[in-house]
Each structure stands twice: as C-alpha cells, then as structure tokens.
Amino acid sequence: MCENIELSEPMHERTGIVSRQRCPPAVFEKVLIVGLGQLGLPVAKYVKEKGFDTYGYDSSTKAMDRAEKIGGIKKASNFSEFDIYILCVSTHKVEDIFSPQIDGLLSITDRISREAKNGALVSIESTIPDGTSSKVFELLNHRLHVVHAPHRWYALEEKEHGVNQLRVIGGVCDCCLRLGMQFYDGSSTCNNEKSEPYSDSFSLSSFSSSYSSFKSLGIPMHPVTKIEIAEITKIVENAHRYLQIAFAEELYLYCQANNINFPELRDALNTKWNVNILEPRDGIGGHCLPKDTKMFVQSSSRSKSIRSKILTAAMEVDQSYRRYRQIRGGNNDCSNSLHTRVGIVEDEISSFHPSLSQINSLENTEERS
Ligand SMILES: NC(=O)c1ccc[n+]([C@@H]2O[C@H](COP(=O)([O-])OP(=O)(O)OC[C@H]3O[C@@H](n4cnc5c(N)ncnc54)[C@H](O)[C@@H]3O)[C@@H](O)[C@H]2O)c1
C-alpha cells in the first residue's frame, strides 16, 4: 500500500480502500522518460505530441543528443519535480543481450527514490520479470505510485503497433492503477469493475467522469487486478510467439529430413481456418523474444514442478535449426569439414526428433546435385 504518501500531497492516499474515497484526479504535466533507445525515443515523442512537458534521460549522451535533435526532447539535469517517470531502460545484461538483468532499472529507481517528490507516478514500460514492480515500490519506500504498462511495440508497423495500441496495465495498489489509467487511457474505468478490489461502494462512473477533463495519452488500456499479471502477460506473449516459431523450425527440419517441400506443406496447412504455421526464416531473431522467453522460463523455474519443459525444448530446436541453416548457408563444397559439422547437428537434433537423423544423408545428396 502507498502508506508513506503524505495526505497533504496532491496525489495522496493511504490504502487501496481509502484511496477509492479520497484519490482525486491528479494533474500530470511534467514527464521524464528514462532510457531513450529504440522504444524510449518513440515513447518520448508520443508523450510530447500529447502536450506534456517532456524531458528525457539516458546514460548515453549520444541517445540524449539524438532525442533532442529528432524529437525536441529536453535533457533532464536532475530527477526532481516530475509528475511522472516512464522507465524504458534495457533489461538485459550488457555483455549478453539474451540474458535478463534489471540492475539498470533498479539503479534508476534508487535515484528516483532520492530525488522525486512524494506521490509522483512511476510507470515501468521496460519488459521485466514478475516481482520487479513490487521491488521497485519497496525501493521507493512506498512514497510514489507504481504501475507497469508493458509494450507491444513493433518497429515495422509503428502506426498500427507502436506506442498507441491496446496495452495491459497493472498497479501495485488500487490507487496506483487508477492514476495510471488516468494518465494512459484518460479514464479510470476497469473491465473487472465488479470483482475485487473494485467492488466497494465507490462509484466508478462518477470517478471516471471526473477524470475525463484531464490531459491523457489517449491509449486504450486493459487494466488487471494484480501487477504481476501485467508483468507475466508481456513475457508470456513473447514466449508464445517463440513457441510458434520453434514449431515452424522443427517442421522445416522434419521436411528436410523427409524430402518434403516445406513451403508447399505450409501453404496447405494454412488453408485451415484455425492453423497458422509461421515461416522459420533465419531462426528466432531480435533480442526480445529470446530474452523474454528466458525471463518466463526463469520465472517458472522458481517452482520446480512447473518449470516450462516445452519452452526449454523450443530453445533446443532453435539452436539446432540455426546450426543447420548456418551449415547450409556456408561452404557449399563437399569437404570433410562440412560433413563433420553436419554430423554434429545430426547428433544434437536426432535426440528430439529421430527422423531428423536423415538430414546428413539428405544434405550430402543436395551437395552433389
Ligand atoms: N524495442 C522493442 O521493440 C521493444 C518492444 C517491447 C518491449 N521492449 C522493452 O523495452 C526495453 C527497452 O528496449 P529498447 O529496445 O528500447 O532497448 P535499447 O537498448 O534500444 O535502449 C535502451 C536505452 O536505455 C539506456 N539505458 C540502459 N541502462 C540505463 C540506465 N541505468 N540509466 C539510463 N539509461 C539507461 C541505454 O543507453 C539505451 O539508450 C527493454 O526492456 C525491452 O525488452 C522493447
């Protein structure tokens, strides 16, 4: 609960229940976006376009210069006096983009904790493992509101799938969620109005109308009752995509091993109304899908009996597929070294798909033709 937020502060409330009677709409004006990379820069530009007084901060001065030049984003010299902090920093290890790490996010939180005014809103937009938002709230000494509003941003379709598209939002407390909804969506209405914690005598409709006169980002948001659901939603979305691609990879390898034309099989399968087999292309790319899938596997590993077996297998499939492609795309002569490498791939993948042991002989046939 936001128990340390002073009642004299503009966005005051003590507990979720009390806040429903006392939490007035907040006046959001000054916004700081922390992390101005691939995601943070379009976020900052969007926030500015919506009329907020927008500042940016990044540990890279190059990123700050670029944001100023391209988007007119003012450089923040300190972290005080902001109404909202939007965190878009990277959440992977510096030396390994596929491995999750939230150290940077926590160090930014530490700075906000020291410099921010009471009652400001911190929105984590970076992809994070479950439990991170509550940790951030603790580090802020319950002094600020915390929401998580993960992204579904897709660079190639920024108009339809950029900053403004249907997104999920969760708050550490009820009051955090309400302020988050006010800022993002422009309302405080929830899908689950009748379920806890929104089922007391507080009138959502009057609350909602009182919010409508305030400036917002105008993004349609899907609120959830626990912030962990918002955290898990993001990493499971990407884990699900990972599985779909891994299945296409495995099917491709199966086709190679059985002399079946993969594109023709795929076209035939996709004529069915509920089937959509993807193209495996170069393997599971970018850093978000592998990193976020790992985040979910690590999360599931905390409870040993639930550790995701299917995702672990999917990761093995992707590795085998990539090796196979690497060898196919590399040296085309019939040298012994190539045959040896194909043999290694065969050993690795035949353990999860026996028919793939035929790849070696098929590969040799193709090389001769
Ligand atoms: N790019 C996407 O398509 C996309 C989509 C959905 C979610 N995300 C998530 O958004 C987050 C950011 O991704 P991105 O693609 O923008 O990464 P990025 O590497 O392009 O940008 C991250 C920025 O954060 C800065 N940064 C890192 N640590 C910092 C710190 N401690 N203090 C200040 N600045 C710091 C870096 O200098 C960099 O400019 C990640 O969690 C990612 O998983 C990205």
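We did not get these values from a lab; they are worked out from the coordinates using the rules stated. These figures come from a predicted structure and were not determined experimentally. Ideal geometry is used to build each Cβ from the backbone, glycine not excepted, and the neighbour counts take in all protein chains shown.
Which one, Ala63, Pro100, Ser134, projects farthest toward the positive side of the charge dipole computed for region 58-178 from Cβ point charges (K/R +1, D/E -1)? About the Cα centre, the residue reaching furthest to the positive side is Ala63. Fewest neighbouring Cβ atoms within 10 Å first, the residues Cys255, Cys88 line up as Cys255, Cys88. Centre-to-centre, using Cα atoms only, region 247-287 and region 225-246 are separated by 23 Å. Subtracting the Cα-Cα distance of Ile70 and Glu160 from 0.36 nm times their residue separation leaves 30.3 nm of extension gain. Sorting Leu139, Leu253 from the fewest to the most surrounding beta carbons within 10 angstrom yields Leu139, Leu253.
Under the classification rounded if a/c is under 1.5, otherwise prolate if a/b is larger than b/c and oblate if not, where does region 228-278 fall, given a ≥ b ≥ c as square roots of the Cα gyration tensor eigenvalues? It comes out oblate by the Cα gyration axes.
Each other residue within a Cβ distance under 15 Å of Gly104 adds +1 if Lys or Arg and -1 if Asp or Glu, for a net charge of -2.
Cβ crowding within 10 Å, taken as a proxy for footprinting-reagent exposure, orders Ser305, Ser134, Ser320 from fewest neighbours to most as Ser305, Ser134, Ser320.
Here's the list of lysines a cross-link from Lys291 could span, going by alpha-carbon distance under 22 Å and ignoring same-chain residues fewer than 8 apart: Lys93, Lys135, Lys234, Lys304, Lys309.
Summing +1 for each Lys or Arg and -1 for each Asp or Glu, what net charge is found among the other residues whose Cβ lies under 9 Å from the Cβ of Lys234? Computed value for this residue: -2.
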